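For reference, the structure is listed below as structure tokens.
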Amino acid sequence: MKFAVLRFPGSNCDQDCLRSLRDTFGEKADPVWHKETSVAGYDAIIVPGGFSFGDYLRCGAIARYSPVMAAVREAALKGTPVLGICNGFQILCEAGLLPGALVRNRGLHFICRQVFLRLENNTSPFTCAGAVGQTLRVPIAHGEGCYFADEATLDALEGDGRIAFRYCDETGAVKAAANPNGSLRNIAGILNDQGNVLGMMPHPERACETRLGSSDGRLVFSSLIESTLGQVS
Amino acid sequence: MKIRVTVLPKPSVLDPQGVATAEAMRHLGWKNPGRVRVGKIIEIDSPDARPDEDKLHAICRDLLSNPVIEDYTFEIAE
């Protein structure tokens, strides 16, 4: 399986993604500079975390106009899985590939710590190796991670099963006290209507080895690999 | 021409910067500052003689603001 890991000026989790995909999973993964105009030949695209273009104007607002994003949009419409992590999630929302927006954390602080996520959907290519209700321990590191959308959009996401992950406590209970950033309905990750684009604020690529504190993030990548190889064979 | 674009969080979006700023105003002795919202002003100093307002609206909508969370207005000083 061959992954494209996009790289914008200011991306800083691209190496973590490349390392996890290559070393932990033994898959092929290439960095793809934001000026590229094609992502042909890749089975999946990762839009990594960081501070693309210094978060100028709004997080992701300038990156969404990078040339590579037109190719990402085209690939996404054709069904290629696209995973946006942290700043990648912000970019996908700004690009209109996912609904809603990420705004300043309710408590104003930049938060860098482990959180617990409840898996809410196991029918997507990013979550199919898991079980609904399963709890994952994965780090977050963001200042603008508060998910916002209007009520109609939130109801539609919920009704269609497009909420992939919610913030929860260690027992898996989704409650206000377990919400680190004020995200509406504790949303940590959502899917597009086709189910092939996932945006999530937590960093699964930083939780792929037990010596990093958790290997629960593997689920996202192993699901992607399983679902893609399943399609091929 | 000079164009001044003002971008503010929509009233329906919680603005924690505005809340924190209002709190600081209370500390400075203003008992009731009311609702405070923090946004941004973008000043454009263009050699163009007159604005293409449709184009300007498109740029405000597609780049300078995010309509999901923000409203914009602009003023043109010829």
Filter result for A:Ile140 (crowded, with 22+ Cβ neighbours inside 10 Å, in contact (Cβ under 8 Å) with a residue 12 or more places away in the chain, more than 25 Å from B:Asp62 (Cα to Cα) and out of contact with any helix residue (DSSP H, G or I) (no Cβ under 9 Å at 6 or more places or on another chain)): yes
Strands (runs of 3 or more DSSP E) contained entirely in segment A:35-142, each with at least 2 residues that are within 14 Å of chain B (Cβ to nearest Cβ): A:101-103
Breaking point among (1) part of a strand (DSSP E or B); (2) surrounded by 15 or more Cβ atoms within 10 Å (Cβ to Cβ); (3) more than 11 Å from chain A (Cβ to nearest Cβ), for B:Ile59: (1)
Do you know which residues across segment A:3-42 are surrounded by fewer than 19 Cβ atoms within 10 Å (Cβ to Cβ) and either hydrophobic (A, V, I, L, M, F, W, C) or touching a Gly at 6+ places or on another chain (Cβ under 7 Å) (or both)? A:Gly10, A:Asn12, A:Phe25, A:Trp33, A:Ala40
Looking only at segment A:180-199, count how many residues are touching a helix residue (DSSP H, G or I) at 6+ places or on another chain (Cβ under 7 Å) and not in a helix (DSSP H, G or I). 4
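If I go through segment A:104-128 residue by residue, how many of them are of a type in the set (A, V, I, L, M, F, W, C) and over 16 Å from the mean Cα position of the chain (by Cα)?
Summing the residues that are of a type in the set (A, V, I, L, M, F, W, C) and over 16 Å from the mean Cα position of the chain (by Cα) in segment A:104-128 gives 4.
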Determine, yes or no, whether A:Ser222 is closer than 16 Å to A:Asn122 by Cα, at pLDDT 95 or above and surrounded by fewer than 21 Cβ atoms within 10 Å (Cβ to Cβ). yes
Which numbered condition A:Glu27 misses (of (1) under 20 Å from A:Thr228 (Cβ atoms); (2) within 17 Å of the chain's Cα centre (by Cα)): (2)
Starting from segment A:197-223, keep only residues that are without any contact (Cβ under 8 Å) to a residue 12 or more places away in the chain, then list their pairs with residues that are of a type outside the set (S, T, N, Q) whose Cβ atoms are within a distance under 9 Å, requiring at least 6 positions of separation or different chains. A:Leu212/A:Pro139; A:Leu212/A:Arg206; A:Ser215/A:Ala207; A:Ser215/A:Cys208; A:Ser215/A:Glu209
Being part of a helix (DSSP H, G or I) and either crowded, with 24+ Cβ neighbours inside 10 Å or under 15 Å from the mean Cα position of the chain (by Cα) (or both), is that true of even one residue in segment A:171-179? no
Looking at segment A:143-166, which of its residues are polar (S, T, N, Q) and either away from chain B (no Cβ under 14 Å) or farther than 20 Å from A:Gln194 by Cβ (or both)? none
Residue within segment A:43-64 that is over 24 Å from A:Ala101 (Cβ atoms), surrounded by 15 or more Cβ atoms within 10 Å (Cβ to Cβ), of a type outside the set (S, T, N, Q) and out of contact with any Asp or Glu (no Cβ under 8 Å at 6 or more places or on another chain) present: yes
Is it true that some residue in segment A:103-115 is buried (at least 21 other Cβ atoms within 10 Å of the Cβ) and either out of contact with any strand residue (DSSP E or B) (no Cβ under 6 Å at 6 or more places or on another chain) or at positive phi (or both)? yes
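The values are calculated or read from the model by the stated rules, or taken from the named source; none is laboratory data. Worth saying up front: this structure is predicted, and the values here are computed from it rather than measured. Every residue, glycine among them, receives a Cβ derived from its backbone with ideal geometry; neighbour counts consider all protein chains shown.
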